[in-house]
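To keep things clear, I will list the structure first and then write my remarks on it.
The values are calculated or read from the model by the stated rules, or taken from the named source; none is laboratory data. All of these numbers come straight from a predicted model, not from anything done at the bench. Here the Cβ positions follow ideal geometry from the backbone for every residue, glycine too, while neighbour counts run over all protein chains shown. Surface areas here come from the heavy atoms of the whole protein model, side chains and all, with no ligands, DNA or RNA. Shrake-Rupley method; radii C 1.70, N 1.55, O 1.52, S 1.80 Å.
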Amino acid sequence: MDKDKQIIIGSDHAAFELKEKIKDLLTGLGYEVEDAGTHSTASVNYADFGKKVARAVSDGAFARGILLCGTGIGISMQANRFKGVRAALCSDIFSARMSRQHNDANILVMGGRMVGDILAFELVREWLATPFEGGRHLDRIRSLDEIG
Ligand code: RB5
């Protein structure tokens, strides 16, 4: 299948239910979804799921991913430790759009305790539909991986 139509998703327990709903949305949009877990509401460490999804994006196995935890903060901190990962924590449509246009975000992060289902679905739709502008933003995103 076209890599542009494949996506990996992961969450901790705090956003498990939202993850399941977003999977349905993605499938309806024609995406093949890889679920990195978690698979229940039993308490887990968000970092484990952030690592799984971020590693897959960093390695190039997936071009895009979605991550969720209670606030989205811990799991985005984890994801952004991986080379080449540009994880954007979004709770408004403008940020979701700009994270693609200017930052070429390759992981969308949301807080399951922060956004309602309908807003989350709109954030996903906007994020998936918005292309990277390139141009002057290319050098800027490339420099993100220069540490120190
Ligand atoms: C879990 O209680 C919570 O700490 C986690 O989902 C997330 O919000 C961490 O940043």
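Computed over protein heavy atoms with a 1.4 Å probe, the accessible surface of the chain works out to 50 Å² per residue. Normalised by the number of residues in segment 1-91, the mean separation of alpha-carbon contacts (under 8 Å, six or more apart) gives a relative contact order of 34 percent.
What's the local net charge at THR130, with K and R +1, D and E -1, over the other residues with C-beta under 9 Å away?
So the surrounding residues net to +1.
Seen from ASN103, the other residues with C-beta closer than 11 Å to its C-beta sum to a net charge of +2, counting Lys and Arg as +1 and Asp and Glu as -1.
Ignoring ligands, DNA and RNA, please state the percent of accessible area on the chain from carbon and sulfur, probe 1.4 Å.
Heavy-atom surface of the chain belonging to carbon and sulfur, 1.4 Å probe: 50 percent.
Mean residue ellipticity at 222 nm, helices only, the chain: -12500 deg cm²/dmol; runs of at least 4 DSSP H residues each add -39,500 (n - 2.57), and the sum is divided by the number of residues.
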